[in-house]
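Here's the structure, in structure tokens; my notes come after.
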Amino acid sequence: MVISNTTAEASTKNISCTFASRYVRTALPRYKMPENSIPKDAACQIINDELMLDGNPRLNLASFVTTWMEPECDKLIMDSINKNYVDMDEYPVTTELQNRCVNIIAHLFNAPVGDEETAIGVGTVGSSEAIMLAGLAFKRKWQQKRRAEGKPCDKPNIVTGANVQVCWEKFARYFEVELKEVNLEEDYYVMDPKKAVDMVDENTICVAAILGSTLTGEFEDVKLLNELLTKKNEETGWNTPIHVDAASGGFIAPFIYPDIEWDFRLPLVKSINVSGHKYGLVYAGVGWVIWRNRDDLPEDLVFHINYLGSDQPTFTLNFSKGSSQIIAQYYQLIRLGFEGYKNIMENCRDNAKMLTEEVEKTGKFKVVSKDVGVPVVAFSLKDSSKYTVFDISENLRRFGWIVPAYTMPANAQHVAVLRVVVREDFSRTLGERLISNLQTVLNEMESHPIPVSTKSAHVTIDSENTQGDKVITKKDVTETQTEITKFWKKLVDRKKTNAVC
Ligand SMILES: *Cc1c(COP(=O)(O)O)cnc(C)c1O
């Protein structure tokens, strides 16, 4: 998506090629298809030169998404990159692997699957697609029930905490369901089950709880929610179900917090989504949704593909997609096994703990993430009078770190935090380096509290008015490009108020 063409970047119509100019005499147009072909090595070089300006994924502490896999799995991925997943006739083994993944994950989530039965679920592009499908199933079930009772079914709603990930807002808007959000409070940054149950009415298609809030990593209390909602259901007869958005926590809790009941052990939990590409340890592009029983997925949403004479039911939003991610997920599940996932999650938890302690030691921050939860360290400044968490985030970029800063949603908007996601590839050495860089930034800002951005940037950003952007000096191409990338990132960052992913 091209957001706007008013930036410095768009003012040059052509891409200037550094080394590839040996092969390419004329510059390439930026937004139009070039008239002629160019040699393959030139194309490769041009793109590589531009990509150099992207951040380093390993230093991107903003994201939960996997940035490292074993070379053996990289090879499996490349070997299957040309397989369209939807061609189940041609690639029956890939289909079989997805079905195995669904069953393995369903068992991990304690789905009541009999020995002779297979679990109900599907591989998706990520949790977002998984949530659209789960949400649709709830909406359809609710509509069927209302129609059978002769009651109106045109005002469905869904109850969540104000801390929900943006994909729930998407679901609500795309599929015309009202999103009823439980407000947060200072020092309580997840959905309060009691308030959520109070908001449930006869039009509520489900309550969505989050296992691992995007903002702080905290697990919501699904067990208490199940208890309170069971009581309410008994009183009202509404039978409101629960969905658990376990995008990040679904591959953590089963391994290191097996005693926390959040999954199909709780009777009202009818579906769960998880991102294979977060703590499922696969590169971006895979998620899963699992239903408790066949009855929880309305039959009219399922399409039946006849594959090799047998029936392969499918329920997805798109048709074609790659097979690699499914194969990679299966690789991780069998390569690591329970033991392997447990070790990795314990390690992430220990690194998060170390970071938490070090952040606390600086004396400047209040840590708002919890010990139990997704290994995330979220912390706010005790005193924001001289500089803010946004300034710290900006300054950490100088060292290559991408540590996002954001404000909390309603009613805790006045709290702004920095968040570090601890992934498998975040080693202790990296952690120590981050803390040392953070300390440097703090020392600098204590002694002269002027944000570095206004001192050194060539693209000045008027913080009040984005229309006022202007380019002061131009340096060489690389430097200018770097500044522009920075500028864009800022623009994008500013738009993301609390929608971190
Ligand atoms: C990441 C996340 C999502 C969205 O998942 P994708 O796999 O990126 O589509 C939804 N909910 C929560 C809680 C998340 O952390």
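The values are calculated or read from the model by the stated rules, or taken from the named source; none is laboratory data. The structure presented is a predicted model; accordingly, all values stated were derived computationally and were not measured. Counting neighbours? That spans all protein chains shown, and the Cβs are built from the backbone with ideal geometry, glycine included.
Scan segment 193-205 and give yes if some residue there is buried (at least 20 other Cβ atoms within 10 Å of the Cβ), more than 16 Å from the ligand (Cβ to nearest atom), under 19 Å from S128 (Cβ atoms) and modelled with pLDDT of 95 or more, otherwise no.
Yes, segment 193-205 contains at least one residue that is buried (at least 20 other Cβ atoms within 10 Å of the Cβ), more than 16 Å from the ligand (Cβ to nearest atom), under 19 Å from S128 (Cβ atoms) and modelled with pLDDT of 95 or more.
Based on what the data block shows, is S213 hydroxyl-bearing (S, T, Y), assigned to a loop (DSSP other than H, G, I, E, B) and in the same structural domain as K155 (by TED's automatic domain parsing)?
Yes, satisfied.
Looking only at segment 31-42, which residues are surrounded by 11 or more Cβ atoms within 10 Å (Cβ to Cβ) and either within 16 Å of the ligand (Cβ to nearest atom) or touching a residue at least 12 places away in the same chain (Cβ under 8 Å) (or both)?
Once the filter is applied, which keeps residues that are surrounded by 11 or more Cβ atoms within 10 Å (Cβ to Cβ) and either within 16 Å of the ligand (Cβ to nearest atom) or touching a residue at least 12 places away in the same chain (Cβ under 8 Å) (or both), segment 31-42 yields I38, P39, D41, A42.
Hey, does segment 242-260 have a residue that's under 20 Å from D296 (Cα atoms) and away from the ligand (no atom under 16 Å from the Cβ)?
Checking segment 242-260: not a single residue is under 20 Å from D296 (Cα atoms) and away from the ligand (no atom under 16 Å from the Cβ).
Contact list please: Cβ distance under 9 Å, first residue in segment 55-67 and more than 16 Å from the ligand (Cβ to nearest atom), second residue small (G, A, S), pairs at least six apart or on different chains.
Within 9 Å, the pairs are G55/G400; N56/G400; L59/G400.
Being surrounded by fewer than 18 Cβ atoms within 10 Å (Cβ to Cβ) and away from the ligand (no atom under 11 Å from the Cβ), is that true of even one residue in segment 117-124?
Within segment 117-124, one or more residues are surrounded by fewer than 18 Cβ atoms within 10 Å (Cβ to Cβ) and away from the ligand (no atom under 11 Å from the Cβ).
Do we find that K75 is basic (K, R), surrounded by 17 or more Cβ atoms within 10 Å (Cβ to Cβ) and more than 22 Å from G250 (Cα to Cα) in this structure?
Taking the combined requirement at face value, the residue does not satisfy it.
Give the residues of segment 261-279 that are more than 16 Å from the ligand (Cβ to nearest atom) and not aliphatic (A, V, I, L, M), sorted by residue number.
E261, F264, R265, P267, K270
Applying the selection to segment 269-293, what residues are touching a Leu at 6+ places or on another chain (Cβ under 9 Å) and in a loop (DSSP other than H, G, I, E, B)?
Scanning segment 269-293 gives G280, L281.
Taking I105, is it of a type in the set (A, V, I, L, M), within 16 Å of the ligand (Cβ to nearest atom) and assigned to a helix (DSSP H, G or I)?
When the stated conditions are applied, I105 passes them.
Could you say whether any residue in segment 219-236 is within 12 Å of the ligand (Cβ to nearest atom), touching a helix residue (DSSP H, G or I) at 6+ places or on another chain (Cβ under 9 Å) and in a loop (DSSP other than H, G, I, E, B)?
Yes.
Pick from K145, K141, K151: which is in the same structural domain as G237 (by TED's automatic domain parsing) and part of a loop (DSSP other than H, G, I, E, B)?
Result of the check over K145, K141, K151: K151.
If I ask for residues that are of a type in the set (D, E), loosely packed, with under 15 Cβ neighbours inside 10 Å and within 12 Å of P409 (Cβ to Cβ), which ones from segment 163-184 would you list?
The one that is of a type in the set (D, E), loosely packed, with under 15 Cβ neighbours inside 10 Å and within 12 Å of P409 (Cβ to Cβ): E169.
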